[in-house]
Structure formats: structure tokens, C-alpha cells
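A.B. asks: Just passing along the structure, written as C-alpha cells.
Every read-out reported here was derived from the displayed coordinates using simple, explicitly stated rules and does not represent laboratory data. This structure is a prediction, so every number in the text was calculated from the model and none was measured. Every residue, glycine among them, receives a Cβ derived from its backbone with ideal geometry; neighbour counts consider all protein chains shown.
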Amino acid sequence: MRYLWLRRVYQATFLALFLFLVGVTTISFISGYPVEWFLGFDPLVAIATALAGHTLFVTLAWSLPLIVLTLVMGRFFCGWICPMGTLHHFFGWVGKLRRVPDRVKLNAPRPAYTLKYYLLVGFLVAAVCGSAQIGLLDPIAFIWRAFTTVVMPAADNTAYGVYQGTRHFSFGGVIAILFIAALAMNLWIPRLYCRLLCPLGALLGLLSRFALFRLQKDPDKCKDCNACGADCQGAAEPHGTLRVSECMLCLNCQGRCPRDGIRYGFLPSPELTTDRLDLTRRRTLTAALGGLLAVPLLRAGSGSEPRPSPLRIRPPGALDEPDFLARCIKCGVCMKACPTGGLQPTLTEAGLEGLWTPILVPRLGYCENLCVLCSAVCPTGAIAPLTVLKKVGKPPHQEPVRIGSAFIDRGRCLPWAMDTACIVCEEVCPTSPKAVYFKLETVVTRDGSSKTLKRPFVDLDRCVGCGVCENHCPVYDEAAIRVTSVGESRSAKNRIMLTGGRV
Amino acid sequence: MTRKNNPDLPLADALQRAADNAGKPRAYTRREITSKIAQTSVAALATLGLGTWLYDRETARAEPLIKMRDHRIARPAGAVDMAIARGPDAVENVRKALKAMGGLETFIKPGERVVVKPNVGWNRLPEQAANTNPELVAEVVRQCVTLGAKEVWVTDVSVNKVEQCFARSGIEAAAKAAGAKVVLPGSTGFRAVAVGGRVLQTAEVFWPFVDADKIINMPIVKHHGLTNATMSLKNWYGVIGGHRVRLHQEIDQSIADLAAMMKPTLTILDATRVLLANGPTGGSLDDVKRFDTVAVGVDEVALDAFGAGFLNRSPSELGFLARAVAAGIGTLDYKSLKRVEL
């Protein structure tokens, strides 16, 4: 029983650590914390982005020890560490059935639980095809995305923004519904997400077939009461032949056993544990084919290439779009870290393939000139590491990192359309010399008097696309100066000016 | 029963063990345990090894750039630099001019891969003079094939839909009939090349121009709204893909930069029909005038200086020529070259 408590302490500690790291991912507290750490040791993110991007980003090297530990000890991550798993565990407990035989039945293996392995195969094949879609279901990316875009903003906005100011995330409601659904599934079957869908669990399950240490029952003590199966989180059949790939080492079986008949030890009898997965070759191949077809279908059907959406303004340092989509797992850590709240999850701006990847929405928040937080926290290097000097283009870096270009809408601009003075876009422009500049023009106003106005222009050789002008423009709904993605440094094609000479 | 007086010791021992263990699950054998530990160790070491091999601190990396080759040939002292042939038969003109240059065989060797680059920019008929004369292209291809060229590629990165440009210009049919492979550029097959020019740093060059051993430039002389004239130098716009319309922001220097990157073996300038206005697309036959001239040479700048005359321009009026001279690509004073007029 004491090991059960140890497990609960671990779960609580790691959940608290996760919440702490989420909590400090804001401009006031972030300094010095490796906030992306949970994603850093997520082996699925490491493997999928390495398959798609062909290298293992430094942050993801944390996953190597976890893989090795899993190879030796089994799938302990799911039962002891995973913050999403702990939430599932909790909600499974909330919905727990009263009668033991009912629970034994509910926590028995089902053929459907093989689905996660097929999903894993499909997602990894998609990764080989250059698309990091794994972030849709990876539990750490899932929970980060939910906390960034829904949970924290909802709590904070209710508390009048005491924590980091009110935040709004584009169609976060969709993410909220999926998150609530994933948790609510536990009220029906405990850990249903883990058992049925979780591709990280599937990966760790595959790795745990190598495990040298396993749970095993003692046949001498067992009186076939079946109690061990009552709360088995993985539906791993501890009373029969334990399915190692499904076992999350939660130790509920040990805790439940009235005769202390289950122990965790070195290579028990081959007849007491099994490595079998019950996958069929035909289904595995179908899953692989699904992954193979999904990528071209997502791309062809999105209309996002070769002409990007003008709204697809990527964070500074983001790799060129194909490389970006090979690494971005849509976790939303960058959006959480963004001090202005301008980084938002896409809905359609980057096509179906780019769903929930980050874009800057300058009306909601601009890109702070001397800030590189998003690149500092990106766990996969989809936003490549950036220094402030590199971003602003000081020597030895000659060109600043541009994320887009600003355009003036003369039909909405006060000095252009209303003969009214306004200098806000020029005032806030952070480049030096300023990208927004004036030409003095004397006009005859409606009442016949003449007036000299400062009419703004944009010098695209200076503009970095930060969007502070659009953010501050007094035309409150749709600004009179707006940024689009054209001119972004990362792309050789999405450009206007010949400056730089990359054709 | 004691072990001592039992002759069937091993068998009895095994039977005894089996009786003791009846109903109990069997344990792993030593061999199985060794194998299991070995498997786990190999998997762990493979993980760490792969992780170390793929370890990466910087995901952003510059695309590797290739450099274009120099396709010119060394010419003997006293060789003809430029040959101008006039006459009603275009094919006869190019034959005469090539012969005066020493014959195509001095430029193309057997087994070489040759790319012939006419101007096939537009979905226009030959009579509209927006594209190079297909008969000239066919004749050059035929000579290359006869000389034993391993491949003769005819290609251009057209402005209008490439399939329609090659069909309507007559160049696809003529070149194929003469034995060429017509290579139509699609969305792939472009290679990142270092240009290192004054305004162009990199460009996406269509693969035949990168792979070829020899390059024959086959422009047509015509009017151009921005540069006033398009001839040999401007024809290199058609080797690149990418977002190239931006070149018009710095068109003269862009042309010079591209021309400095491309060093063709030979240039054949088509002034059989010349589009005098509404270029580079044209359309009306009223804008087309026959000059029935073909000029062949190794100095593109000199050829363009000569060709400017058909458009009633002096070479000094063409900004790209001044930039090309500044870049050391050639000379405007074509009359100073060793020249043959036929």
C-alpha cells in the first residue's frame, strides 16, 4: 500500500510541477524556468519531430533518458508522471463505480484499445512525410494547448485578469470542448483516453515490451478473487497474464490484492506476463497507409500553398513553412509565453495541416521588438533559437528578422480619409529609422480652410512586420494600418521587394 | 530413494522437479534472461546513439547553394567573334553564320549534353514574333544531334502557361522533330544557385541549365515595355523560377546579374521577325517587321548592341547594357570585334 501512496505523491508532484511551469509561463515570472520541460522529455514529440525534421532538437534530448528508463522499467510515465494522465486518473476516480465486479468488468481489456497503436503508426508515417500532426493527440501537447488557450484564460479573465491580463484565443472554444470531452470520457471508462487514443501511451507501451522489471502475481497466494483487476488503470489484466504494454505501473493491483500477492520484480515467469499487442498486419498497414495519404490530402485540400494566407504571420524565428510544419506540434507554449497575447492558434490560416499552429494577430497583440520569448520556449525548434541581436539585425547579423509587412488602408486612415491628425502608427514604430514615416500634405478641408497633415507611409526596407502599428491604430475594429505575412524573412517566395536578392 | 543408489539419477531428478513445480508457472531460463537483457541493452544503446547522432542545437540552417558552371570555350586567336547573316531563308542564315564562326562543331563535342534556350515566353504564334523562330531552333537542334550530342534539351521558363507557349510557338513540334527533348518546367526541378550579383544573391535555376555541358542562348529581338528591348541578356530571365517578377524593381541590374551568372557557349540572335512595339507580348502583326537577319556570336553584350539597331535604339539608351559592361560581361562596341557580315 505504501507504494500506492508513493505513486500518488509522484502524480501530485508532477502535476503540481506542470501547473507551476504553466503558471510561470508569463512575462512576469518566466525568467530562468525551463517551462517547456515536460514537452522536452516527451519521447513521442522527440521521435515524431526527428522523423519529420531529421534532427533531434536540443530540448528533446531530455526524452532519451525517459526512453531508456521505459525500456528497463516499463510504462511508468503514464501512471506516475504524465500530468494529463493524472487528470484522467482523477476523473476516473470521480466516476468510479461502487461494486467491485462492475469495476472488474469495466477495467478489463477490450479489442478497441489497440486503436492507439494504429493511431501511433498513422501519425508516425505522417511524420515521415514531413507533418508533425502528432501534436493533435500527444497528451502533453494536448494539455499545454488546453491550458494556454482555455483553462488559464478562462480562470484569469474571470478574475479580472489579475494574473496576466485578459486573454482571448481564436476559437479556443473548440480546444476547450475537446479537452472537456477527453476528461469526461473517464466518467464512462477510467483512463479511456489513455487506453484508446493516447499515441504516447502506445509508444511507451511498445517500448515497455523490452522491460526487464514487470509486475507479476504470485500464483501461490492468488485465490482468484479478481480484486486486482478492479482499478487497473491500463486494463492490463493483472489477474490473468499481465499485458506489459498496457500496464501503467499504477500499482492499484498491488494495493487491491488482499493477500499481498502481486510484486514488481526482475523478469518474472514468461507465463505471467505477455508482450502481445493483438495487432493485425492488415490493420497496421491500413493505419500506415492512412498516415501516408493524410499528408498530401491535408495539403491539397487546404489551399494554403503556394500562396500563403496574408494572415499567416508566423512568430519571429519560425522556420520556413514546410520545415515549420515538420516540427510544430501545436502545443501553444509560445502563445502562453507571448507577452502581448498576440500569438494565436490558427483555425484556417495555415490550412488544415497547420491547424492550431501559432500566428500573430496584431489586433490582439503585437510582436515586441526586443522579445524572443516564443523562440526560447519552443520545445521542438519549429521557432528556431533567436537572440535579440539576431532578431533586430544588429552586427554581426545584418538583416532584422521580418515576420510580415505593414500596409496603410487610406480609406480608413485618419489623416488620409478624414483630414484628421493622427501619428500613432509612426509613434509606436520600433525600428530606427522608423519604417512608418510622414509626408506633409496641405489639404483643403470640407469647410474650405486649408490644413497641413502628416500622412503616413511605410518604408518596407525598414518594416519588420511586428504589428505594433496595427495594434495601436485608433480605428478600433479593423485597423487602418495592417500587417500581412508578405516580406517574411523565412520565406524566399512570400516577398514583395527585391531587397535581399533571394529570388 | 536416495541419489546415491539410484542409477537413473538425471531422469528421476527431472521427474521430481516436475512434480514439485506442478501448477506453477515456469521461470525464465538463463539463456532467455541473457537474451532479454541483450535486447533491452541494444534498444537502449540504439536510442542513445541515434539521439547523439541526430542532436541539434540550431534547427534553422541555410540552404546549400550551387554555383553555375562556365560554359564558354577557349577560342583560338583570330577566331570570328560575331557573324551576321541576312537573307530571306532564316535556316540558311543560321547555317551561314554558324559556318562563319567556325562551325557548330567547334562549340559542341560528341557526348555532351546541350541545352538550347529560345525565348518561349508567350502563348503566341511564330508570326507574332514574341518567341524565337522555331525553324532556327530546329536547325540548331539538328546540328547538335548530328554532331553527336548525348542530349539536346530545349527549354524555357515561360511566362504564360508553359504547355501552351511551347505548342503555339511551334517550338515544341519543331524541336522534337529535329531530335531534341523538350523539357517543360513545372513546379519542381529548380535548384538554389548562388548568383552573388549586385541585387540578386540567390536564384532558383531550372535544372537543365545546371546540368548541361554546353548552353546555346537563342533569343529573339523584340520591344519590351520596361527595358525598351529584350534580346540575349534579358533572355536569362527564363532560366529562373521563384518569385521572379520582383526583378522588375531593379530590372537593369537584375539582367546584368543574371547575365554574369550565365556564361553561355554561344548566342544566336533571331532578328528574322522583329516585334517593334507592345512588347514583350505583342499580338498585332502591324507591330512586326521582317529583317531576315540572324546574328551569332560569343559576346552577348555586343550582340545586343547590334540588335538594338533593329528597334531604333542606340546601345547607350539600354540601361541593362551599361550595367553588363560595368560587370565586365562584354563590349558595346561590336564593330571593334572580329566580325563577318554575310
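A.B. asks: Give me the inter-chain shielding for B:41-52: mean count of other chain Cβ atoms within 10 Å, whole number please.
C.D. replies: What the average comes to for B:41-52 is 5.
A.B. asks: Over the Cα atoms of chain A, what Rg and Dmax result, in angstrom?
C.D. replies: 26.7, 105
A.B. asks: Something else now. Rounded to the nearest 0.05, what FRET efficiency do A:LEU279 and B:ALA173 have when you use their Cβ-Cβ distance and R0 = 60 Å?
C.D. replies: E(calc), rounded to 0.05, equals 0.60.
A.B. asks: To make sure I understand, if each residue's beta carbon is the centre and we count other beta carbons within 10 Å, what order do B:THR40, A:THR484 fall in, fewest to most?
C.D. replies: B:THR40, A:THR484
A.B. asks: Another question, if that's okay. Which far-off residues, 5 or more places away or on another chain, put their amide H under 5 Å from the one on A:LEU453, with H placed in the peptide plane?
C.D. replies: A:GLU441, A:THR442, A:VAL443
A.B. asks: Using modelled backbone amide H atoms (1.01 Å from N, in-plane), which distant-in-sequence or interchain residues come within less than 5 Å of B:ARG191's amide H?
C.D. replies: Correct list: B:VAL205, B:PHE206, B:TRP207.
A.B. asks: Give me, ordered by chain and number, the residues 5 or more places off B:PHE291 or on other chains with an amide H under 5 Å from its own placed amide H.
C.D. replies: B:ARG273, B:VAL274
A.B. asks: Checking the a/c ratio against 1.5 first, then a/b against b/c, what shape does the Cα gyration tensor give for the protein assembly as shown?
C.D. replies: oblate
A.B. asks: What whole-number distance in Å separates the alpha-carbon centres of the range A:185-214 and the range B:140-168?
C.D. replies: 60 Å
A.B. asks: I would also like to ask the following. What shape does the range B:58-216 take by its C-alpha gyration tensor, where a ≥ b ≥ c are the square roots of the eigenvalues and a/c under 1.5 counts as rounded, a/b above b/c as prolate, and the rest as oblate?
C.D. replies: Taking the square roots of the gyration eigenvalues as a ≥ b ≥ c, the range B:58-216 is oblate.
A.B. asks: Quick check on chain B: helices-only [θ] at 222 nm, where DSSP H runs of length 4 and up contribute -39,500 (n - 2.57) each and the sum goes over total residues. Nearest 500, please.
C.D. replies: -9500 deg cm²/dmol
A.B. asks: In addition: Apply the a/c threshold of 1.5 to the C-alpha gyration tensor of the range A:85-201 and tell me whether it is rounded, prolate or oblate.
C.D. replies: In terms of gyration-tensor shape, oblate.
A.B. asks: Per residue of B:57-65, what is the mean number of Cβ atoms on other protein chains within 10 angstrom of that residue's Cβ?
C.D. replies: Mean shielding by partner chains, rounded to a whole number: 6.
A.B. asks: With an 8 Å Cα cut-off and a minimum separation of 6 or more residues, compute the relative contact order for chain A in percent.
C.D. replies: The normalised contact order for chain A reaches 15 percent.
A.B. asks: Mind checking the dipole of chain A: about its Cα centre, +1 per Lys or Arg Cβ, -1 per Asp or Glu Cβ, Debye to the nearest 20?
C.D. replies: The calculated dipole for chain A is roughly 1060 debye.
A.B. asks: Compute the distance from the alpha-carbon center of the range A:356-387 to that of the range B:68-105, in whole Å.
C.D. replies: Comparing the Cα centres of the range A:356-387 and the range B:68-105, I get a distance of 58 Å.
A.B. asks: Express as a percent, rounded to the nearest 5, the fraction of DSSP beta bridges in the protein assembly as shown (both residues included) that run antiparallel.
C.D. replies: 65 percent
A.B. asks: Next question. If you count, for every residue in B:238-245, the Cβ atoms of partner chains within 10 Å of its Cβ, what is the mean?
C.D. replies: Average neighbour count from other chains, rounded to a whole number: 3.
A.B. asks: If you keep only loop residues by DSSP, which GluC sites (Glu not before Pro) in the range B:293-341 have at most 11 other Cβ atoms within 10 Å of their Cβ?
C.D. replies: none
A.B. asks: Looking at the range B:82-341, what % of its DSSP beta bridges pair antiparallel, to the nearest 5?
C.D. replies: If I count the DSSP bridges inside the range B:82-341, around 55 percent turn out antiparallel.
A.B. asks: For A:VAL121, A:VAL151, what's the fewest-to-most ordering of other Cβ within 10 Å of each Cβ?
C.D. replies: Fewest to most other Cβ atoms nearby, the residues stand as A:VAL151, A:VAL121.
A.B. asks: Still on this model: Quote the relative contact order of chain B in percent (integer), defining contacts as alpha-carbon pairs under 8 Å separated by 6+ residues.
C.D. replies: Once normalised by length, the contact order is 20 percent.
A.B. asks: Same structure, new question: Cut-off is 10 Å between beta-carbons; in what order do A:ASP224, A:ASP231, A:ASP156 appear when sorted fewest neighbours first?
C.D. replies: Ranked by crowding around the Cβ, least crowded first: A:ASP224, A:ASP156, A:ASP231.
A.B. asks: At 7 Å along Cα-to-Cβ for each site, give me the label-to-label distance between B:LYS109 and B:TRP53 in nm.
C.D. replies: In this crude spin-label approximation the distance works out to 4.1 nm.
A.B. asks: Something else now. Work out from phi, with θ = phi - 60° and the Karplus expression 6.51 cos²θ - 1.76 cosθ + 1.60, the ³J(HN,Hα) of each residue of the range A:51-63, listed in order in whole Hz, and give x for Gly and Pro.
C.D. replies: Per-residue couplings from phi come out as 5, 7, x, 6, 9, 9, 5, 3, 4, 7, 5, 4, 6 Hz.
A.B. asks: Now a separate question. Given A:THR346, A:TRP144, A:TRP188, which one lies farthest toward the positive end of the charge dipole of the protein assembly as shown, if we put +1 on the Cβ of every Lys and Arg and -1 on the Cβ of every Asp and Glu?
C.D. replies: A:TRP188
A.B. asks: Hey, if you put +1 on the Cβ of every Lys and Arg and -1 on every Asp and Glu Cβ in chain B, which of B:LEU332, B:ASN217, B:VAL145 ends up farthest toward the positive end of that dipole?
C.D. replies: B:VAL145
A.B. asks: Follow-up. Chymotrypsin sites (Phe, Trp or Tyr not before Pro), restricted to the range A:1-110: which are DSSP loop and have at most 15 other Cβ atoms within 10 Å?
C.D. replies: A:PHE29
A.B. asks: In the range B:33-92, which trypsin sites (Lys or Arg not before Pro) are in a loop and have at most 12 other Cβ atoms within 10 Å, using DSSP for the loop call?
C.D. replies: B:ARG57, B:ARG61, B:LYS67
A.B. asks: Now for a separate question. Can you pull the one-decimal nm distance between simple spin-label points at B:ARG198 and B:HIS248, each 7 Å off the Cα toward Cβ?
C.D. replies: That separation, rounded to one decimal, is 2.2 nm.
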